[in-house]
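*Asks:* Before anything else, here's the structure in question.
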Amino acid sequence: MSTRDTLLARLRDNFDWVLFVTASVLAMVGVINLYSATSVAKAPLNEVYLQQIYWLVGGGILSGFVAAVDYRHYERYGYIAYGVGLVTLVLVFILGREVNGSSRWIYLGPIGFQPSEFMKLFLVLALAKYVNADARSEGRTLKDLAAPAFIAALPAALVVLQPDLGTALILGLIFISILAMLRIQRRTLGHLAVLVAIAVPAFMSFGMLGFQQKRIEAWLNPDRDIGGMNWDPHHSRIAIGAGKTWGAGFMQGTQNQFHFLHEQHSDFPFPVFAEDWGFAGALSLLFIYVLLVLWSIHIAASAKDRFGAALAIGAGSLIFWHAIFNLGMVTGLLPIVGVTLPLFSYGGSSGLTVMLAIALLMNVSMRRSSLSTIAFSSR
Amino acid sequence: MSVLVPRSDVAEFRKRYKWMSLFVLSLFGAVAARLFQLQILNGDDYAAMAHENIIRKVTIQTARGIVRDSQGKILASSRTSYDVHVVPIDVLPSSVPEARLPKRLRGAPDSLPKVAEVLRVTPDEREKLIIKIREVCATYDPQARTSPCTRQMLVREDVSRDIITELEQHRDELTGVRVVATPIRFYPYKHLASHLLGYISELDVDALAKYRPDGYESLSGEERERLNPLGYDRRDRWGAGGVERTWESHLRGKRGWEKRLVDAWGKDRTGPAADRLLDPPSKQEPISGRNLRLSVDIELTQAIEKAMFPYRSGAVVVTETQTGRLLALYSKPNFDPNDLSGGGGRAKAREAFTRLYADPYRPMLDKTMSGAYPPGSTFKPFSALAALESHSVNPEATQRCDGFIRYGNKSRPLRCTHVHGAVNMRAAIAQSCNIFFFKLAEATTLDPIAKVASAFGLGQRSGLSINPEAGGRMPSRAWYTQHYGANYFNKGFTLNAAIGQGDVTVTPLQLAMAYAAVANGGRLYEPQAVVAIETSDGVPMQEFEPRLKNSVAIQPEHLQRVHDAMRDVLNSDEGTANALHDRSLDVAGKTGTAQPGVHPSPNEKPEIQWFRSRNHAWFAAFYPSHTPEISVVVLVEHGESGPQHAAPVAMQVIREYQRLKVTRASKAKP
C-alpha cells in the first residue's frame, strides 16, 4: 500500500463532512455578512470581504496540510511550538507596533500578525501534550495542577502586559476547559473556587487599567455615556433589536448602513447580521456554532488517545469561548472585551487561528478509526 | 516501525463530555434567550430607536414680517448678517502638542494671523483670542468625541460684505474659518420712528421659563404647541418694544420642519431608499410672518426730526382728525433700533443699552404716550367748552386783567403772563389770559371742567398699547376727596386745573386725540398705528377700520367759538403765536407754557438741573382750521416757551404735511 493510496482512502472514508460543512457554511455566511457590513465603509475597509476570501483560501490550504499530518507528530513538538510562541510574545514588546494603545502586532515586512492569536493554538498543543503524559487514576490535587497552570499563566501574563485582556481571558478559559477533562479531587475544586473568588475581584480592582475599568463601568450602566464608552454596545443592541423577527434584509440594516455601528468588520459583525436577518437568521447562526462546538466535543469523545482528545477540547473551546464572548458582548450580556467571532470577524491572525483549530479538529476526527492507525503504523 | 508513541488511555475523560455539552448548550441558550428578548420582546422599541437614530427634524426658518409706512416704504425688514466663526484647532494647530494633533493638521501653518488680518482684528484682541484658543486646546484629547478645541468659536458678528468677499478670496489660506449667515432685523430709517417700531431682542430668562419650562423637550407635540404656540427657542429674538412687541404674534411667523435621513456622521442621505425610510408626515411648512401696514408717514417723521433738531427732548404727534390714525409718533431723543436688535453684534447691543439707559434725557421713554406732562394753556379750550356748556360764563362779557389776581387771604397773588386789560373769552384764548380763566373756573367749578376734559379723553389711556401708556390725570372733586380727604379741597385747585396746571397731566397722544375731536365736532377716536395686516406676498388679510371711542355732546356753536379763538392765536395781532401767522396755512391752535411741577433733584449735574427747571413748551393745533384733516401736538420738554419753541415746530410739520400732500397728489395725477 502506498502512502498516497492510504491518504486518499483515509480522506474518502474518514473525512469529517459535518465539521467541514459547518465550518464552510460559517465562513461563507461570514464573507457575505462582511460584504454587507463594510458596503458603506470607505476604502480600503470596503474590500475586506475580498481579503477575507484570500485568507480563507490561503488558510484553507494551510489547514489541509495541518490536517493531513497525523496529529501525534505534533505531540512531540508541543513544547517547542509553545516556546516559539512565548518568544514571539516577548518580541512584541521589542518589535511590536502600537495600535490603539496596545502592542499586539509584529511586522515581517508588509505582513503583520498577532502572536497572541497563534499562542492560543500553541497553548492547546502544550497543554494537550502535558495532559497526554499525565494520566492518573485518582483525582489531582492543587499541587498536581501547578505545572499546567504555569504553562497557561506564562503566555497569559505576557498578553495582559500588552495589554490585551480579551486574549488573556481566552487563554485562561482554554486552560480551564482542558482542566475540566481531568479528574480533580473534590477538595481541590473547593480550593480552586476560593482562589477564583479572591483572585478575580482582586484583579478587577488592582490589576485592570483605566480603560478596562471604564468598560466594566459602562457595561454596568448601559444608559450612561452613550456618546462615548457605551456607543458601541448601545448601538449594537439597537441594531440587533431592530432586526426583529425576520430582519431588514441583506444590506438593508439601517444602523450599519448609516454608520452607527463601528468595528463592524472586526468585533461587531454580528449586529450587522442580526439586523439584516432578524431573530430567524441570528438563531440559525447560533445553531451552526452550537453544532460546531458540540461536534468538537464529539470528536474529542471518539479520539483514540488523550492527546487527541485534549487537542479537540482545546480547539473546540477556543471556538466556543470566542463565540460566547463575542455574542455576549454585542448583546450586552458581557462587558466589551475585544474578542472576535470565529469565521465571522475579519482578521488574518484570528481567522487563521480558527481555521487551524478546525484543521486540528479535522485531524483528530480523521484518525479516530482503526484504519488510520493501522495504515500509519505499518508504514 | 512506528514513529508514534503508544496510545494513552482516554478513560479518564469519558464522563466529562456529557457535562461539557450541557454547559455549551446552556451558554448558547442564554445568548438565544437574550436575542429573543432583544429582537422579539423588545424588537419594536429597538426598531423605534433605530429609526430615531437616522431621522433628524431640520428646522425650516421663517422670515419675520415686514413693516411698511402709509406710502409703502419699508420701516422694518430682515437682512442677512454674516457671523465669522473659527475652529480653534484648525486656525491654530500649534496650540495642540504635535503628538496629539490629528494627522491632517501635522505641519499645517497657523491661519489665525491671516484671519485676524482679514477681519481687522486689533493686535490686543488677537492676543486675547490666541490666549483663549491655547486655553481650550491645551487639554485637547483626540480620543474625545467633542472638545471646545474642535467646536467653532464666534469671532466677529455681522461682518461687512467686503470682508466676506475677502474671506472668499483667501479661502485657501484661511483653514478653519466658518461664515454663518443669520437673519437680522433691519430698520432702514434708523432713529426715525424708533419708539413706534420698537426693536427685537433675545428672549430673557423669564420668558424662556414661561415658554420652555423644565422638561419641555419631553412633552408631547400638542402640549408644546399649547405652551409655546409661536415655537420660541433659546437664543431666539422677539419684539421688545413698540409695534415689534405688540404685533409679535403676527410678525413672527412660525418655523416649519422637515424630516431628513441623517447618518451617524451627520451627513444627509437621499435617494429612493431614503424615501422609503421616511415616515409621514415628513414636512411641516413654515408660516411666514405677516406684514404690517402702518398709518405713519415716514417722510413726515423725517420733517419732524428736522424741525425738532434744536431741542434735546420732546414729543410730536400727528393724527388724522377724521379717523384717529396716526401720521407721526415721534419722541426725542430716540435710538437706533438696529443697534439693539443684534445688527453689529451682541456687544454693540449691550453697549447701546447701557448708554441709552444712562442718558438723562431718557431716550428709551416714549414721550408721546409713556410720559404725562401738565398741559398748561393747551388745556384752556376745554375749560372754555366746559364753561360754555354749563352756561356759567357769557363768552362775550369781558373780564379785566391787571396782570395779577388775589384770592382769599393768600399773601402771594396769582400772576398772568401779561397785563391783558379787558378780554372776552375769544381774546382770552387767543392771548392766553390766565386771569380770565381763573374767573371762568370760579364760575364753572371743577367738576364740569373735569367732565368735559375727560370726555375728550384727557387723563385717560387712549388704547394705543404700542408702548406702556401713562394715564395722565384729570382730577375732580371726588379725586381730591379720595386722595386727600374731604376737607383738603380748595378753590385754588380749580383755578390751576382750568389753566392745565396743578394736578392735571396729559400725554401728548391724549392731547392730539382730544384736539382732533375738538376739530371734528366732538368725535374722539382711538388712535391707530397699524391699518392693515398683509400676507408676506402683500395681499391684505385684515384691514382695521377707525374706532370711535366717544362722541362728545357739545353744541356746535360752542365748538365754533373755540375754533374761532384758536384761529386768532395765529391770526389776531394779539394772538400768542401771531409771529408764526402764515397766510397760506389755515391753522388753528393753542400755545402752552407749562410749569413742570416737579423740581429737579439736586444730585443731578448742573446743566441737567437747569434743563429740568425750565417750563414745558406746548403747541396743539389742527389744520386746515375750516376743514380739519390733521391735529398736531408738539411738546418740547423743558423747552421754555410754547409760542417761541413748540409752535414753530408744529408750523413746520404742518407745512411739510401740506407739501407732501400736494406733491403726492400731483404725482398721482398723470
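*Asks:* Considering segment B:137-148 alone, what residues qualify as being surrounded by 14 or more Cβ atoms within 10 Å (Cβ to Cβ) and farther than 15 Å from B:His85 by Cα? Spell out how you get there, then give the answer.
*Replies:* Our first condition is that a residue be surrounded by 14 or more Cβ atoms within 10 Å (Cβ to Cβ); within segment B:137-148, this holds for B:137, B:140, B:142, B:147-148.
The answer is B:Cys137, B:Tyr140, B:Pro142, B:Ser147.
*Asks:* Considering only segment A:285-302, state which residues are at the interface with chain B (Cβ under 7 Å from one of its Cβ atoms) and surrounded by fewer than 24 Cβ atoms within 10 Å (Cβ to Cβ).
*Replies:* Selection gives A:Leu286, A:Val290, A:Leu294, A:Ile297, A:Ala301.
*Asks:* Does at least one position in segment A:193-206 carry a residue that is touching a residue at least 24 places away in the same chain (Cβ under 8 Å), over 23 Å from the mean Cα position of the chain (by Cα) and away from every other protein chain (no Cβ under 14 Å)?
*Replies:* no
*Asks:* Please state which one of B:Ser631, B:Ser625, B:Ser572, B:Ser641 is modelled with pLDDT under 95, within 25 Å of B:Ala387 (Cα to Cα), touching a strand residue (DSSP E or B) at 6+ places or on another chain (Cβ under 6 Å) and not aliphatic (A, V, I, L, M).
*Replies:* The match here is B:Ser625.
*Asks:* Among B:Ile40, B:Ile66, B:Ile60, which is the only one that is open to solvent by 20 Å² or more (accessible area, probe 1.4 Å), away from chain A (no Cβ under 14 Å) and modelled with pLDDT of 90 or more?
*Replies:* Among B:Ile40, B:Ile66, B:Ile60, only B:Ile66 is open to solvent by 20 Å² or more (accessible area, probe 1.4 Å), away from chain A (no Cβ under 14 Å) and modelled with pLDDT of 90 or more.
*Asks:* Among the listed residues B:Gly408, B:Gly421, which satisfies the condition of being under 26 Å from B:Gln560 (Cα atoms) and modelled with pLDDT under 90?
*Replies:* Values: B:Gly408 fails: under 26 Å from B:Gln560 (Cα atoms).
Selected residue: B:Gly421, the only one of B:Gly408, B:Gly421 that is under 26 Å from B:Gln560 (Cα atoms) and modelled with pLDDT under 90.
*Asks:* Something else now. Tell me yes or no: at least one residue of segment B:530-547 is in contact with a Phe, Trp or Tyr (Cβ under 9 Å, 6 or more places away or on another chain) and within 26 Å of B:Gly502 (Cβ to Cβ).
*Replies:* The first filter runs over segment B:530-547 and keeps only residues in contact with a Phe, Trp or Tyr (Cβ under 9 Å, 6 or more places away or on another chain), leaving B:530-533, B:546-547.
Subset that is within 26 Å of B:Gly502 (Cβ to Cβ): none.
No, there is no match, as no residue in segment B:530-547 is in contact with a Phe, Trp or Tyr (Cβ under 9 Å, 6 or more places away or on another chain) and within 26 Å of B:Gly502 (Cβ to Cβ).
*Asks:* If we keep just the residues of segment A:217-238 that are in a helix (DSSP H, G or I) and at the interface with another protein chain (Cβ under 7 Å from one of its Cβ atoms), which is least open to solvent (accessible area, probe 1.4 Å)?
*Replies:* Going residue by residue through segment A:217-238, those that are in a helix (DSSP H, G or I) are A:217-220, A:231-238.
Okay, now just the ones that are also at the interface with another protein chain (Cβ under 7 Å from one of its Cβ atoms), so A:237-238.
On the way: A:Arg237: 25, A:Ile238: 2 Å².
Restricting to residues being in a helix (DSSP H, G or I) and at the interface with another protein chain (Cβ under 7 Å from one of its Cβ atoms), the top hit is A:Ile238.
*Asks:* Could you grab me the full set of residues in segment A:239-256 that are within 7 Å of chain B (Cβ to nearest Cβ), crowded, with 23+ Cβ neighbours inside 10 Å and part of a loop (DSSP other than H, G, I, E, B)?
*Replies:* A:Gly243
*Asks:* Among B:Val633, B:Val569, B:Val562, B:Val598, which is the only one that is touching a residue at least 40 places away in the same chain (Cβ under 8 Å) and either assigned to a strand (DSSP E or B) or open to solvent by 10 Å² or more (accessible area, probe 1.4 Å) (or both)?
*Replies:* B:Val633
*Asks:* Moving on. Is at least one residue of segment B:641-663 open to solvent by 30 Å² or more (accessible area, probe 1.4 Å), among the aromatic types (Phe, Trp, Tyr) and closer than 19 Å to B:Ala519 by Cα?
*Replies:* Checked against the condition, which is being open to solvent by 30 Å² or more (accessible area, probe 1.4 Å), among the aromatic types (Phe, Trp, Tyr) and closer than 19 Å to B:Ala519 by Cα, segment B:641-663 yields at least one hit.
*Asks:* Any residue at all in segment B:103-120 that's more than 14 Å from every other protein chain (Cβ to nearest Cβ), of a type outside the set (Val, Ile, Thr), under 19 Å from B:Ser341 (Cα atoms) and loosely packed, with under 15 Cβ neighbours inside 10 Å?
*Replies:* Within segment B:103-120 (the criterion being more than 14 Å from every other protein chain (Cβ to nearest Cβ), of a type outside the set (Val, Ile, Thr), under 19 Å from B:Ser341 (Cα atoms) and loosely packed, with under 15 Cβ neighbours inside 10 Å), the answer is no, since none of the residues qualifies.
*Asks:* While we're on this one: Is there a residue being under 20 Å from A:Tyr74 (Cα atoms), out of contact with any Pro (no Cβ under 7 Å at 6 or more places or on another chain) and open to solvent by less than 30 Å² (accessible area, probe 1.4 Å) anywhere in segment A:318-331?
*Replies:* Yes, segment A:318-331 contains at least one residue that is under 20 Å from A:Tyr74 (Cα atoms), out of contact with any Pro (no Cβ under 7 Å at 6 or more places or on another chain) and open to solvent by less than 30 Å² (accessible area, probe 1.4 Å).
*Asks:* Need at least 1 residues that are in contact (Cβ under 8 Å) with a residue 60 or more places away in the chain and either within 21 Å of B:Pro540 (Cα to Cα) or open to solvent by less than 60 Å² (accessible area, probe 1.4 Å) (or both) per element, so show me which helices (runs of 4 or more DSSP H) inside segment B:208-306 make the cut, counting only ones lying wholly within it.
*Replies:* B:242-246, B:248-252, B:272-277
*Asks:* When you check A:Thr38 against the structure, is it surrounded by 16 or more Cβ atoms within 10 Å (Cβ to Cβ), at pLDDT below 95 and closer than 20 Å to A:Met366 by Cβ, yes or no?
*Replies:* No: the conditions fail for A:Thr38.
*Asks:* Moving on. Can you pull out the residues in segment A:21-56 that are among the basic types (Lys, Arg) and not in a loop (DSSP other than H, G, I, E, B)? Walk me through it before giving the result.
*Replies:* If we filter segment A:21-56 for residues that are among the basic types (Lys, Arg), which is where we start, we get A:42.
Selection gives nothing.
*Asks:* Does any residue in segment B:21-39 that is part of a helix (DSSP H, G or I) come within less than 6 Å, Cβ to Cβ, of a residue that is surrounded by 14 or more Cβ atoms within 10 Å (Cβ to Cβ) and β-branched (Val, Ile, Thr) six or more places away or on a different chain, and which pairs are these?
*Replies:* As it stands, the answer is B:Ser21/A:Ile297; B:Val24/A:Val293; B:Leu27/A:Ile324; B:Phe28/A:Val290; B:Arg34/A:Thr331; B:Leu38/A:Ile240, since those pairs meet every condition given.
*Asks:* Is it the case that some residue within segment B:17-25 is more than 16 Å from A:Val293 (Cα to Cα), open to solvent by 60 Å² or more (accessible area, probe 1.4 Å) and modelled with pLDDT under 95?
*Replies:* For segment B:17-25, residues more than 16 Å from A:Val293 (Cα to Cα), open to solvent by 60 Å² or more (accessible area, probe 1.4 Å) and modelled with pLDDT under 95: absent.
*Asks:* Still on this structure, please answer the following. For segment A:135-148, enumerate the residues that are within 14 Å of chain B (Cβ to nearest Cβ), open to solvent by 20 Å² or more (accessible area, probe 1.4 Å) and either closer than 22 Å to A:Leu171 by Cβ or hydrophobic (A, V, I, L, M, F, W, C) (or both).
*Replies:* A:Ala135, A:Asp144
*Asks:* Every residue in segment B:307-341 that is part of a loop (DSSP other than H, G, I, E, B), within 19 Å of B:Ser70 (Cβ to Cβ) and open to solvent by 10 Å² or more (accessible area, probe 1.4 Å), please. Steps first, answer last, please.
*Replies:* Going through segment B:307-341, the residues part of a loop (DSSP other than H, G, I, E, B) turn out to be B:308-313, B:321-324, B:333-336, B:341.
Remaining after also requiring within 19 Å of B:Ser70 (Cβ to Cβ): B:321-324.
B:Gln322, B:Thr323 - these are the residues of segment B:307-341 that are part of a loop (DSSP other than H, G, I, E, B), within 19 Å of B:Ser70 (Cβ to Cβ) and open to solvent by 10 Å² or more (accessible area, probe 1.4 Å).
The values are calculated or read from the model by the stated rules, or taken from the named source; none is laboratory data. Because the structure is a prediction, the values reported are computed rather than measured. With ideal geometry, Cβ positions are generated from the backbone for all residues, glycine too; neighbour counts draw on all protein chains shown. Keep in mind that these areas ignore ligands, DNA and RNA; they rest on the heavy atoms of the full protein, side chains included. Shrake-Rupley method; radii C 1.70, N 1.55, O 1.52, S 1.80 Å.
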